[in-house]
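Worksheet for the structure shown next.
Just so you know, all these numbers are worked out from the coordinates, no wet-lab data involved. Everything quoted here is computed from the prediction, not taken from an experiment. No Cβ is skipped: glycine too gets one built from the backbone with ideal geometry, and neighbour counts run over all protein chains shown.
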Amino acid sequence: MLFISQFHFACTFKITTGKSLHCYLTQRRIKRAKVLLSVTQFAIAEVAYRIGFYNQSHFTAQFRKLTGVTPKQYRECL
């Protein structure tokens, strides 16, 4: 079994993907949030919780940062 340090894994991940692990995970969460906002009627706070954010305000800030709109605006445009 091969063990590597968290630091080595993070560096290797960034070299391989061109993104930090944190950025990659955030982008994947927002991508999943778009699906949930599109196909469910879950409250925005529920979507935030289901994709791994601890509160709605942080989720909304990250969603806006990556998409340019809030989750509510995104849902209304569908």
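Of the residues in the range 10-31, how many are of a type in the set (D, E, K, R), exposed (fewer than 14 other Cβ atoms within 10 Å of the Cβ) and either in contact (Cβ under 8 Å) with a residue 12 or more places away in the chain or under 21 Å from Asn55 (Cα atoms) (or both)? So that I can check it myself, show each step before the final result.
The first filter runs over the range 10-31 and keeps only residues of a type in the set (D, E, K, R), leaving 14, 19, 28-29, 31.
Those still in the list that are exposed (fewer than 14 other Cβ atoms within 10 Å of the Cβ) too: 19, 28, 31.
Adding the requirement that they be either in contact (Cβ under 8 Å) with a residue 12 or more places away in the chain or under 21 Å from Asn55 (Cα atoms) (or both) leaves 28, 31.
The qualifying residues number 2.
So is Phe7 free of Cβ contacts under 8 Å to residues at least 12 places away in the same chain, more than 11 Å from the chain's Cα centre (by Cα) and surrounded by 11 or more Cβ atoms within 10 Å (Cβ to Cβ) or not? I'd like the intermediate steps shown before the answer.
Working: free of Cβ contacts under 8 Å to residues at least 12 places away in the same chain: yes; more than 11 Å from the chain's Cα centre (by Cα): yes; surrounded by 11 or more Cβ atoms within 10 Å (Cβ to Cβ): no.
So Phe7 does not fit the description; no.
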* Structure fact -> Within the range 42-78, residues being surrounded by 13 or more Cβ atoms within 10 Å (Cβ to Cβ), basic (Lys, Arg) and closer than 16 Å to Gln27 by Cα number 2
